[in-house]
Amino acid sequence: MSLLHDLRTSTRTLLKHPGFVLTTTLILALGIGANTTIFSVINTVLMRPLPYKDPDRLVMIWETNRANGVPRSIVSPANFLDWKKQNQSFEDLAAFRFWYYTVTGSGEPERYQGARVSAGFFPLLGVQPELGRNFGPEDEQVGRDRVVILSHALWQRRFGANANIIGQPLKIDGETFTIIGVLPASFRFIRVLNADLELWMPIAFPPNQLTREDHSIIVYGRLKQGVQLAQAQAEMDRITERLAQAYPQTNSGWGAQVNNLHDQAVKPARPVLLILMTVVGFVLLIACANVANLLLTRATARQRDLAIRFALGSSRFRLMRQLLTESLLLASLGGLTGLLLAYWAIDILNAVVPENRAPRLEKFSLDLRVLGFTLLVSILVGVIVGVIPGLRASRLNLSETLKEGGRVLSEARSGRRLRNLFVVLEITLAVPLLISAGLLLRSSLLLQNVDRGLNLKDVLTMQISLPNAKYTTANQTAAFYQQTLQRIQAEPGVESASAVNVLPLTDLQDATAVTIEGIAPPPPGQEITVGYRVIDQNYFRTMGIPLLDGRHFTEQDNDESRGVVIISKTMALRYWPNENPIGRRLKPQFPAAKVPWRPQSSNSWLNIVGIVGDVKEEALNDEIRPEIYVPYLQNPSSLMNILARSTSDPLRLAPALRRQVLAVDSDQPVSNINTMENVFSESLAEPKVITSLLATFAGLALLLASLGVYSVVSYSVAQRTHEIGIRMAVGAQQRHVLGLIVGQGLKLVLAGVAFGVATALAVTRVLSNLLFGVTATDPPVFVFVPLLLVAVAILASYFPARNALKVDPINALRNE
């Protein structure tokens, strides 16, 4: 009953001061809302289990070759089959290979992303189709693998959720497949290239085509009940050692790495999320200090009232409990308002944070764990902001407080230091956040302005993936792109047209080992590895990459027996530092895995005919990798990206370019229509999101800190009205009074800045991996932020000081 009485009393008391309640509620809502938002991200990415059966037993297995500088590689199918036969630690192992599919025959031709998987893939995840059946062992046999399982979304979108879809034919890549299943709507799998997988087919390994050099599949596994990760790793080490002894030419130096599936998926995101959680923790502490200051000020103003209650028989514990109840009510209001702010902020994060940057199978949301976190934070905040004012109020000096003017004297002796300490704490916490945001902002600006070695302006791109069943030979593939580029080049508004298998500035990059004529072959496991791209003869002109020496490709470079190659500047300097490499030869060893963007070539000797400028692929990495370019007429790739430089808005070309593709092949869809400027922007999505979040939270910290300075100076002016009146009555000039008051706020800020800069020197080092072109102790940022805070302090102190100058000395003396 006493608790209910405290609640009723606290509610009535707070309702009498709506302005105070609104202010404290908003301050706490900002701090609690920021923490709730980031915790919802951490909950979704780091804490929420994968939506599969017994997810803790799911693993991913990679191949490794430390001697060759390969810490992690996709797996050879031949090795995968041996792993399945020889292991005792796994219930099953399943293979996965990403693929593109073109669907025709019912509606418009469309290109979808999908995968080929072994028969055990869906049972391993504990997934049963909503309609039809899973793949069976018989579907893994060559010739019997023409079956397909649809995603639930594709079934609804393209087939109108037809319940009789099972058994119907579907034309994919020019071949007829039979639909045997539809996945449930609840099934989620990691997105590839930020898009869902829509079509699933069985994977077949023809025995006559298996080679252990073909690293082309991803392997998933489920541990047997009771088997630990370390045990499985030890067994895989033994298996890979046996394979290395049995196949020394291909498996020497190769091992296996077993990783928990969830831990592996979230590992790259964990450091950044923990940094953001620390940041919002700072914001919450600043909000708590601000509200504690307001409550302390209010408790000081209520000292006489509290003293009367104490004199009438209330215990000190009873008074402190009443004040804590008020602070908990305020924190509850702040928590509820913070939840509303978080709900809005989470919607924004779901829209702007790409799933491949913050790996998740579900959207960020306010689930029970997040609500429980918000409740706990609200309670802790209520206790934190209420306990210090409550303790001070419960220890008041009864006789002195009840004297006339005692309240002011008591405040002058004790309350001022504590409130000043809170302001110094707010500034100390705000400085590292502002400096960190400044470092990331400078880094982001430098990233956007860095010279990448190409011209992205007014370039449209669209992707084409030719079906192998229809384009069975290299000549057919090359002829399609040749005709398409000729038609696009003739389109009005197109300045230049070209094609490349892998767009620059994207995550999808490939590499090949090369043998260089005249350079002794390195020992096994230390091959020379370079990046490569398949291009047409206009690629460098279209993308603005300068030709430094030699010549461009021409349409006469179509005979593989006279193979040619163009190399980058970095490659020329690294392997021919003192001579001109034009006319020298190299031999690539393109990976054997059959993936759409890899060339169909015989890996013959190629003559170097040109040297071009470097393209900086990774902005955060200062090292530029050597690269080779080969002509598509000699090295056809089924997947190519069409590039068209426009004389105006490039997106206006999209319909015309689509028509020209259909004119060559009426069943060929195009996808991923975009501008290269957007591609570049998307490549910076992660640093942009991190910078935006940190800048937002730093802005909140600055706002709260400035409010803290304003509230302390305002209260000081109110308490010192008598002193100010006397000073002005005896002739003090306004500038002296103004300097006295502004100086009080400035001293607090300078003290906080000193502690804050020292803190920032320690904490900003964790941002080093996120910075480009600036150091963690960048002088301009460390100078600008203190100056900004000084300016804010002067501004926050000026308005109370200006009000003080309006005090009438006679009235001030009379009132006292």
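Each value in this text was obtained by applying a stated rule to the coordinates, not by laboratory testing. Not measured: the values here are computed from a predicted model. All Cβ positions, even for glycine, are placed from backbone atoms using ideal geometry, and neighbour counts span all protein chains on display.
Quick notes
- Convex hull of Cα atoms in region 32-91, direction-averaged projection (nm²): 7.0
- From the alpha carbon centroid of region 477-545 to that of region 154-183 is 36 Å.
- Cα-Cα over 22 Å, subset of Lys224/Lys363; Lys85/Lys267; Lys470/Lys587; Lys53/Lys171; Lys569/Lys688; Lys53/Lys363: Lys224/Lys363; Lys85/Lys267; Lys470/Lys587; Lys53/Lys171; Lys569/Lys688
- Each label was represented as a point 7 Å from its Cα along the Cα-to-Cβ direction; for Trp344 and Arg551 these points are 6.4 nm apart.
- Local electrostatic count, Glu138, Cβ distance below 11 Å [Lys/Arg +1, Asp/Glu -1]: -2
- Ordering of 454-462, 281-289 by packing [mean C-beta count within 10 Å, highest first]: 281-289, 454-462
- Building the convex hull from the alpha-carbon atoms of region 61-205 and averaging its projection over directions returns 10.0 nm².
- For region 158-293, the equivalent ellipsoid derived from the Cα gyration tensor has semi-axes of 41, 32, 14 Å, listed largest first.
- Enclosing the Cα atoms of region 467-667 in their convex hull gives a volume equal to 134 cubic angstrom per residue.
- Whole-angstrom gap from region 215-277 to region 567-583, using each part's C-alpha centre: 38
- Taking other residues whose beta carbon is less than 14 angstrom from the beta carbon of Tyr632, and scoring Lys, Arg as +1 and Asp, Glu as -1, yields -3.
- A simple count of charges around Thr44, restricted to other residues whose Cβ falls under 11 Å of its Cβ and scoring Lys, Arg +1 and Asp, Glu -1, yields +1.
- Restricting attention to region 133-257, close to 65% of DSSP beta bridges with both partner residues there are antiparallel.
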